[in-house]
Amino acid sequence: MTDSPLRLLLEFEDQAQRDRTQPSTFLHRRDRKFALVCEEQGVAPDASRWLGHLNRLSGPRTAPASTDRTLRAWRRITGGFAAIGVLAGMLTMAGLLFYDGGQRINITVLLAFVVLHLVLALFTTLQSLAGWQPWRWLIQRFGADPGNGMFNKLHPVLMARAAQLGGITFALAGLITLLVMVVIQDLAFGWSTTLETAATSYHRLIDAIATPWAWLWPAAAPDPALVEATRFFRAGDGNPGADPALWGQWWPFVTMLWATWVLLPRVLLCGLAFAQTRQKAHRLLASHPAMHALMYRMETPALDTGNSHHDADDLPDTRVRDNLLPLPDSDTLLCWAGTGEPELPAALRSGKQIVLRAGGSASLADDNEALRRIAEHLKNRSKAVILLVRCWQPPTGELLDFLETARDIWPSGTRVALVPLAADINHEPGAHQIQPWLRFAERVGSEFVQVSLPPFQMRDPYSTIGEPL
C-alpha cells in the first residue's frame with residue numbers, strides 16, 4: 001500500500017501554510033493561470049497536478065521536506081511495531097508450547113489466548129474508528145506530528161495500521177515457531193478444565209472452531225475419539241489406557257487454529273486499516289479549507305486592476321544617523337566577503353590573535369567554522385569582535401543571517417563593531433556610504449552591533465556625518 005494519499009495531504013498542507021504569507025492577488029493570478037493551462041491540455045485540475053506545477057516553478061528541493069520527515073517517522077513507528085511483534089510472537093508461542101515431559105500442553109489455554117488476541121485485534125480497529133489516541137505520547141516521541149492540521153485526524157487510523165501490522169508479524173512469528181517446535185520436539189497436547197465438562201460438549205466446541213478448515217484439512221478437525229482419549233486431570237492422567245501417540249495429533253488443529261483465528265483476522269483488519277487510511281486522507285483533502293479556496297481561485301477569473309497599494313504616503317527615511325562609536329579593544333578580527341584583500345592594513349592587524357574570513361566566496365561550512373572558532377576564542381576574553389566590510393557594498397541578507405546566527409552561538413554580551421573600509425584605506429568613507437551601515441546596525445540591534453571607523457580614521461569620526469548627501 002502506497003503512502004501517496006498521505007504525502008499528498010501533507011504536501012498540500014505545507015503549501016497552504018506557505019501561501020498564507022502571499023498576497024491574495026498573487027495567489028489568484030497564479031492559480032487561475034494553472035487552471036487555464038489545464039483547460040488547454042484537456043485535463044482536470046486537481047491537488048496532485050497543482051503541487052507538481054508549483055514544484056516545477058520553484059525548482060528542485062535542496063533539503064528534505066517536512067513531509068518526508070513526517071512519513072519517515074511513521075515508517076519508523078510501523079517498523080518498530082513489526083519488530084516487536086516478531087519478538088513477542090516467538091516468545092509467546094514458546095511459552096504456550098512449553099513442555100517438560102510431565103503435564104501436557106492444555107488446548108483450553110491455547111483457545112483462551114486466541115480469544116484474547118482476537119479481542120485485542122477488534123479493539124484496535126474500534127479505537128481507530130472512534131478516534132481514540134492511546135499512543136499520542138509515542139507520536140510525539142518520534143516526531144510524527146507535523147503540527148496542528150488536517151493530518152492530525154489521521155493519527156488514530158495510522159496507529160491502528162501500525163498496530164495491526166505488528167499483529168501480523170506476531171502471528172507469523174508464532175506460527176513459524178509452532179511449526180519448528182512440532183518438528184524438533186515431541187509435543188504432548190491434551191485438554192482439561194476445572195468445570196464439569198463432558199468430552200462430547202468439548203468436542204462440539206472444537207468442531208465449531210474448526211468449521212472454517214474442516215473441509216480443507218480433515219486431520220485438523222479432531223474427532224470425538226481423540227477428544228475423549230486426550231483429556232487429563234490435575235492429578236494423574238485420568239485415562240491410563242490412552243495411547244500416548246494420540247497426544248501429538250492435536251498439532252494440525254493448533255496450527256489451523258492459529259492461522260485462522262489469529263493470523264487471518266489480523267491480515268483482514270490490517271487491510272481495512274490501510275483502506276480506511278486512504279479513504280480518510282482523500283476525504284480530508286477534499287474538505288480542506290485551503291482546497292475550497294484553491295478551487296474558488298481556479299474557477300474565478302482574475303481581474304488585474306493595478307497595484308492594490310499606493311506609496312504616496314510612504315516617504316523615504318531621510319533621518320541622518322550620527323551614532324558612530326569608538327573602535328572597541330578586541331583581538332578578534334573577521335573580514336567579510338573579501339574585505340581587506342589582498343592585505344590588511346598594519347594598524348588593523350596589530351595585536352590580533354585571531355583573523356578569519358567569511359561570506360562572499362567562502363562556503364557555508366567555512367562560515368560555520370568561523371563562527372565556532374570565534375565562539376571558542378571569546379570564552380574568558382573580552383567579548384568584542386571587529387567585523388570589516390566594504391563601505392561601497394550595501395548590507396546584504398547573507399550578512400544579516402550570519403549575524404543572527406552569531407548572536408545565537410556567541411557568548412552572551414558579545415558586541416560586534418562593523419568597520420566600513422573605503423576603497424582607499426587612507427581615506428574615510430563618505431557619509432552616503434556610512435549611513436546604510438548605521439541603519440543596518442539599528443535593524444540588527446544596537447545592543448549587539450555598532451558601527452565604527454578604523455583607528456587611523458577616527459581622528460574626526462563625525463566630520464562627514466550630517467553633511468548633505
Can you give the extra length, in nm with one decimal, that the chain gains between GLU447 and ASP329 once fully stretched, where that is 0.36 nm per residue apart less the Cα-Cα distance?
40.8 nm
Quick one: THR21, THR277, fewest Cβ neighbours within 10 Å first, how do they rank?
THR21, THR277
Karplus couplings for the stretch 439-446 from phi (6.51 cos²θ - 1.76 cosθ + 1.60, θ = phi - 60°), rounded to Hz, Gly and Pro as x?
5, 4, 5, 5, 5, 6, x, 5
Residues of the stretch 160-199 with the amide nitrogen closer than 18 Å to a label point 7 Å from the Cα of ASP223, along Cα-to-Cβ, please.
199
In whole Hz, the Karplus estimates of ³J(HN,Hα) for the stretch 176-192 (6.51, -1.76, 1.60; θ = phi - 60°; x where Gly or Pro) are 5, 4, 4, 5, 5, 5, 4, 6, 8, 10, 9, 6, 10, 9, x, 9, 7
Starting from the Cα of LEU205, step 7 Å along the direction of its Cβ; do the same at ASN426; then give the gap between the two resulting points in nm.
10.8 nm
Placing each pseudo-label 7 Å from Cα in the direction of the beta carbon, ARG381 and GLN17 end up separated by a distance in nanometres of 4.0 nm
Partner lysines for LYS379 [C-alpha distance under 23 Å; skip if fewer than 8 residues away on the same chain]
LYS352
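Rounded, prolate or oblate, given the Cα gyration tensor of the stretch 332-457, with a/c below 1.5 counting as rounded? Walk me through the numbers before you get to the answer.
Working: a/c = 1.43, a/b = 1.25, b/c = 1.14.
Rounded.
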Could you give each residue of the stretch 372-383 its phi-based ³J(HN,Hα) in whole Hz, using Karplus coefficients 6.51, -1.76, 1.60 with θ = phi - 60°, and x for Gly or Pro?
5, 5, 5, 4, 5, 5, 6, 5, 6, 10, 5, 8
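Laboratory data are not the source of any read-out in this text; all were calculated from the coordinates shown. Bear in mind that the values here come from a model prediction, so they are computed numbers and not experimental data. Note: ideal-geometry Cβ built from the backbone for every residue, glycine included; neighbour counts use all protein chains shown.
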